[in-house]
Amino acid sequence: MSGFDVLTRGDVLDSALRARDYLVGCGVPGALAAKDPRLWGRRAVDHSRLGWLDLPFASRGLLKQVDGLVTEARYSGLDHIALIGVGAESLAAQAIMEAHAPAATAPPRHGAPGRPTGELTVLDGSDTAGLAFVLERLDRTLVVLASKAGVSLEGDAYRRILANAFRERGLSDREIASRFLVITDHGSPLHDFARQCGYRIGLTDPYLPGHFGALSAYGLVPSVLAGADAERLLDEAASLVPSLSKDEDNPGLLLGAILGGSAQQGSGAIARDKVMLREAGGPGALGAWISQLLAVGTGKRGRGVLAFEPPGVKGAFPDVHGVALNPRSPAQEDADTSVWAPLGAQFLLWEYATAVAGWLLGVNPFEAGGTSVQETEDDAAALLRAARGGPLAAEPPVYEEDGIEVHADFPWPPGADLRTVLGGLTAAVPSEGYLSVVTYLSGDFSGRYLAPSFARASGRPVVYGPGPSYPHATGPIHKDGRGNGAFLVITGDPSPGDTLAEHPVPGRPYSLAKLQLARALAEVRALRNRGLPVLRLHLGDPVDGAGVLTEAVRAVAGAGRGT
């Protein structure tokens, strides 16, 4: 077997072969290898949007530029990298560190978001644990701020907190500036801001889609600074390139045909537009990166491919097919499709497959995913401005039980309890839909703990993740896709003793906890504005509330769907 391969079986194979034959007949492999933008219409896609196909070779020059910075950082004793990035900008670097960094250890992503992986700590607004880890190692930390556009609310908050912490350590403004590296697009608002601050700057191609940038500076620079072997990563990707122009023995074409062919709804057939990703070592950053790539690349115009993890499904569903990543053998995995490839090839393989699937679905995979993500961030900023240092404007709870506030816009019987409310949410999941659980909490509690029970209660797949990073990464599929999700948003007061969450952000009239709540409220409003069923639960005590909520969800699962 070669270093990369894609195998599939069952009715997925039938639809994939039909789709592949159609793709070959339309000349898609050759046109894509030639970076012909006319595949998506004469004016829909610029030639430069296909530059990700060249990154296995073009990024080698980037590594030479970074070598000097690595040497300088190590000479200065800076061997810990704090990466500030929400969504796609951080997921690729996390995946690289999990696979390539020396002695890297990767904790469960959803169980402990933002915690260190090897010598890389990601700050994505999900938790204060990562920030605490960085502050403990400030003397050996280089901060990387990565964003294709401007500075996110979280990026601004973390930058201010860390700059202030450096200043309290006695560093001058010039020394503080030397501790920051900004990775952004040439000419972006962040480019101008970084130049004014005197930060180091690494510029990227503004035409390169962010969700196709795993092998660009966004994925490579933070991981190289943290000790990953990026040359090997690029070699892995380059080994796949020759096969991507072929009509036969093209794993990227086959994987794209599997994804796009399954997601198309034929006459009398159910669209298999949901993918369960199974990684050999358990859920990790690679699966999260694939999920955001598919969400942004295909989630538009009422279409899309939704990816989720094994804890979010119980039983078999006709609209779901399983994909195993690097399984030991197909026989050992309960999956329709198996994908074998080292990490560098996985990146390029899934990018190519997403482009092909988008073509089959009739969507432009290189669009940023509409304006839903930016709208939500702008709304959160407006909420913070309107608060003027006071409490955020939010609707009062319609019900409270055991310290859990219930905020819902769908009715339930008088005198009903929390279980009835949760049962109403599971009953609101469409027959071909899914349930999404997003947690805006500081601490280890995650939707992962609720997903199995919710899957049993609703009889549908469950996706989950921490906010704001998960909605930022996958927002397009939820808001611009088929519109068949139901949503649970969990917020809470800061955990006892979490002084970082309650400490004011320097120069801003809010704390990290208040910023996190504003993000959650904006997300709820965005979902409701699209007519989607959403329930928000606020935990007065995150620890006790998590226990009460977990037991209530288990009770709903035991009682059956919608009861």
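Here are some notes:
- Count of region 252-286 residues which are buried (at least 24 other Cβ atoms within 10 Å of the Cβ) and part of a helix (DSSP H, G or I): 13
- Filtering Arg179, Arg174, Arg195 for residues that are touching a Phe, Trp or Tyr at 6+ places or on another chain (Cβ under 9 Å) and of a type in the set (Lys, Arg) leaves a single hit, Arg179.
- If you go through region 431-448 and pick out every residue that is surrounded by fewer than 24 Cβ atoms within 10 Å (Cβ to Cβ) and more than 23 Å from Leu512 (Cβ to Cβ), you end up with 3.
- When each of Pro311, Pro318, Pro327 is tested for being surrounded by fewer than 24 Cβ atoms within 10 Å (Cβ to Cβ), of a type outside the set (Lys, Arg) and part of a helix (DSSP H, G or I), the lone residue that passes is Pro311.
- Long-range neighbours under 7 Å by Cβ, at least six apart or interchain, first residue farther than 17 Å from His47 by Cα within region 12-34, second surrounded by fewer than 17 Cβ atoms within 10 Å (Cβ to Cβ) and of a type outside the set (A, V, I, L, M, F, W, C): Val24/Asp247
- Selection within region 472-515 - assigned to a helix (DSSP H, G or I), touching a residue at least 60 places away in the same chain (Cβ under 8 Å) and of a type outside the set (Gly, Ala, Ser): His472, Thr474, Pro476, Ile477, His478, Lys479, Leu500, Leu512, Lys514, Leu515
- Of everything listed in (1) in contact with a Ser or Thr (Cβ under 9 Å, 6 or more places away or on another chain); (2) buried (at least 18 other Cβ atoms within 10 Å of the Cβ), the single unmet condition for Ala149 is (2).
- Here the condition is being surrounded by 22 or more Cβ atoms within 10 Å (Cβ to Cβ) and more than 21 Å from Ala394 (Cα to Cα); of Gly459, Gly424, Gly475, it holds for Gly475 alone.
- Counting the residues of region 60-88 that are within 29 Å of Gly297 (Cβ to Cβ), at pLDDT 90 or above and among the β-branched types (Val, Ile, Thr) gives 3.
- When each of Gly423, Gly447, Gly369 is tested for being under 30 Å from Gly260 (Cα atoms) and either of a type in the set (Ser, Thr, Tyr) or at pLDDT 90 or above (or both), the lone residue that passes is Gly447.
- From the list Val45, Val12, Val6, the lone residue that is at pLDDT 90 or above and either crowded, with 16+ Cβ neighbours inside 10 Å or in a loop (DSSP other than H, G, I, E, B) (or both) is Val6.
- In region 347-394, the qualifying residues are those that are among the charged types (D, E, K, R) and in contact with a helix residue (DSSP H, G or I) (Cβ under 9 Å, 6 or more places away or on another chain), and the one that is surrounded by the most Cβ atoms within 10 Å (Cβ to Cβ) is Glu351.
- Inspection of region 502-510 identifies at least one residue that is under 20 Å from Asp378 (Cβ atoms), touching a helix residue (DSSP H, G or I) at 6+ places or on another chain (Cβ under 7 Å) and β-branched (Val, Ile, Thr).
The values are calculated or read from the model by the stated rules, or taken from the named source; none is laboratory data. Predicted, not measured: the structure shown is a model, and the values here were computed from it. No Cβ is skipped: glycine too gets one built from the backbone with ideal geometry, and neighbour counts run over all protein chains shown.
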